[in-house]
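Coordinate-derived values only; no laboratory data. Note that the structure is predicted; figures quoted are calculated from it, not measured. For neighbour counting, all protein chains shown are included, and Cβ atoms are generated from backbone atoms with ideal geometry for every residue, glycine included.
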C-alpha cells in the first residue's frame, strides 16, 4: 500500500479550503439578499394594508376594495377601428383598450373583490337559472344619488330626481347602488374614448366554458332609440357572435317575434365572429341593437374565468328596476345564491357576514 505524501495532503487541504470559501460566501450573500427581499415585501404589504381604501355605501353587501393601481395609466394608445358590415352592423373596436398588464390587474381585482350573484327567476311556469354570475351598479337618467357625506361613502343614502322635488313612493323596487370608485373611473375613460355617456355598469362573470349568454339584443325601450353600449372583456378569451335578425320586407324586427325552426329566435342572416381578448373593448352603436343579436356561446374548450363589463345608459325608472331585478334580486329564496358571493380558488363562496339580499 503506497504511503501518503504529507506535503501533497497539505496542498489538497488548502485547495479545498480555497474552493469552499467562495461558495460559502456566495451562499451567505444569497441568503442575506433573500432575507432583505422578504423584509421589503413584508414592509410593502404592511404599508399597502395601512393605505387601503374602500368604496362604501349602505346598499353594498360588502365594502368594495379600491385598487392600488391607477387605471388611467393602463390606457392603450391603440385607436378604435370602425367596423361597418351588411349595412346596419356598426361597431367601434379597440384591440386593446387597456394594456395587457393593466387588464390583468383589473381582471383580478374585479374577480376577487366584487359581490357576485347567480340569479334564478321565473317566467310563467319556467324557472331560469342564469348561466353566469352577475352584479350591477348605476341609476337611470331621471334621478341622481344624493351627495356623499364625510364618512367615506361614494354617495348619499338616498336618490333624488334631477329636476328637483321628490320621487314618488316605491319608484324603485330595489335600492339602486352607486358605482364604486374603480368602475366610476373606468366609465369616465370609456366615455372619453367612445364619445357616449353611460350611467350603468353591468358585470358578467363566466367561470368556464359552460357559462354563456344566449342570442339577444339590448333593444329595450328604456335604453332609448339606437343605444350605444360598450362591452369590455377581461380574463380568458371567448368567442363573441353577432347574428342578423330576420327581416320582413327589408325591415328588421326583434328575433323573439320571428323564431327559426328550433324556436330560438336567432334569425337566419349572416354571422360575424370576434375573439375578444383581455383588455378589448367593442362598442355597439347606431342600429346594431335594432338589427342584430349577439351572444357568448358555450365552449368545450378549456377556458378560465372571463369578466365582461357593459357600459350603458338607462333613460328611465324601468331600466333601473329591470337591471337590479335580473342581475341581483331575482333569486329564489331557497336557492341560497341570492346572497353575494366571491371568487375563491376556482369556486364561488359566500362573503362572510353578508345579509341575504331578499
What is the Cα centroid distance between segment 156-205 and segment 74-109, reported in whole angstrom?
23 Å
With the convex hull built on the alpha-carbon atoms of segment 206-250, volume per residue in Å³ sits at 122 Å³
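Quick check on packing: order 184-193, 204-213 by the mean number of other C-beta atoms within 10 Å, highest mean leading.
Details: 184-193: 16.9, 204-213: 18.9.
My ranking of the peptides, most packed first, is 204-213, 184-193.
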Just the Cα atoms of segment 149-208: what Rg and Dmax do they give in Å?
14.8, 47
Using every alpha carbon pair in segment 83-168, what percent of pairs falls into each 5 Å bin from 0 up to the bin containing the largest distance?
3, 9, 9, 10, 12, 17, 19, 14, 6, 1, 0
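I need the peptides 126-133, 279-286, 92-99 ranked by packing, meaning the mean over residues of other C-beta atoms within 10 angstrom, with the highest value on top.
On the way: 126-133: 14.9, 279-286: 22.1, 92-99: 20.2.
Result, highest mean Cβ count within 10 Å first: 279-286, 92-99, 126-133.
State whether segment 99-218 is rounded, prolate or oblate according to the following rule on the C-alpha gyration tensor (a ≥ b ≥ c being the square roots of its eigenvalues): a/c under 1.5 gives rounded; otherwise a/b larger than b/c gives prolate, and the remaining case gives oblate. Don't skip to the answer; put the middle values down first.
Values: a/c = 1.85, a/b = 1.19, b/c = 1.55.
It is oblate, given that a/c is not under 1.5 and a/b is not larger than b/c.
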